[in-house]
Amino acid sequence: QVQLVESGGGLVQAGDSLRLSCAASGRTFSNYVMGWFRQAPGKEREFVAAIGRSGGYPSYADSVKGRFTISRDNAKNTVYLQMNSLKPEDTAVYYCAAPSSSKPYSGYGDRKYYDYWGQGTQVTVSS
């Protein structure tokens with residue numbers, strides 16, 4: 001079992017930055033892919049970014065590419081999402097996610113690939 005806990009959300013103005021953190025426990029952190037998703041009211045949960053087990057193969061949704069950066073610190077069992085140049089349309093609850101160790105890879109952006117989810121952290125960007 002894996003537990004994921006997000007932090008770092010808040011209320012900011014357009015153009016500001018935030019760094020989200022996701023602390024993981026339950027198994028060796030370096031052995032699993034980590035992803036970030038977000039969900040705005042009335043919308044589906046959408047893929048934001050993901051990163052490979054050793055920090056390689058970063059992937060981003062087109063809507064955040066060039067503004068957001070995903071990274072991980074395996075020594076701290078933590079994955080980060082640095083969000084720059086925030087826009088009102090970035091407003092959502094942000095979730096980190098991880099697959100189970102036995103889950104076949106089906107794509108970073110596939111919600112079905114991820115079995116473990118954090119509780120979410122609210123990001124609100126005012127105009």
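The values are calculated or read from the model by the stated rules, or taken from the named source; none is laboratory data. Note that the coordinates shown come from a computational prediction; the quantities given were computed from them, not determined experimentally. Please note: Cβ atoms are built from the backbone with ideal geometry, for glycine as well, and neighbour counts cover all protein chains shown. For the accessible areas, the whole protein counts, side chains as well, though only heavy atoms, and no ligand, DNA or RNA atoms are used. Shrake-Rupley method; radii C 1.70, N 1.55, O 1.52, S 1.80 Å.
Consider only pairs whose beta carbons are under 7 Å apart and that are at least six residues apart or on different chains; among these, list those whose first residue lies in segment 90-117 and is over 30 Å from A14 (Cβ atoms) and whose second residue is of a type in the set (V, I, T) and surrounded by 13 or more Cβ atoms within 10 Å (Cβ to Cβ).
A98/V2; A98/V33; P99/V33; Y116/V2
Just to verify a result, which residue in segment 100-127, among those that are assigned to a loop (DSSP other than H, G, I, E, B) and among the hydroxyl-bearing types (S, T, Y), is modelled with the lowest pLDDT?
Checking each candidate, the answer is S101.
Quick check on my filter: what residues within segment 1-57 are assigned to a strand (DSSP E or B) and either touching a Pro at 6+ places or on another chain (Cβ under 8 Å) or charged (D, E, K, R) (or both)?
If the condition is that a residue be assigned to a strand (DSSP E or B) and either touching a Pro at 6+ places or on another chain (Cβ under 8 Å) or charged (D, E, K, R) (or both), then E6, R19, R38, E46, A49, A50, I51 are the ones that fit.
So which residues in segment 58-84 are open to solvent by 50 Å² or more (accessible area, probe 1.4 Å), in a loop (DSSP other than H, G, I, E, B) and either touching a Ser or Thr at 6+ places or on another chain (Cβ under 7 Å) or closer than 21 Å to W117 by Cβ (or both), if there are any at all?
P58, S63, N77, N84
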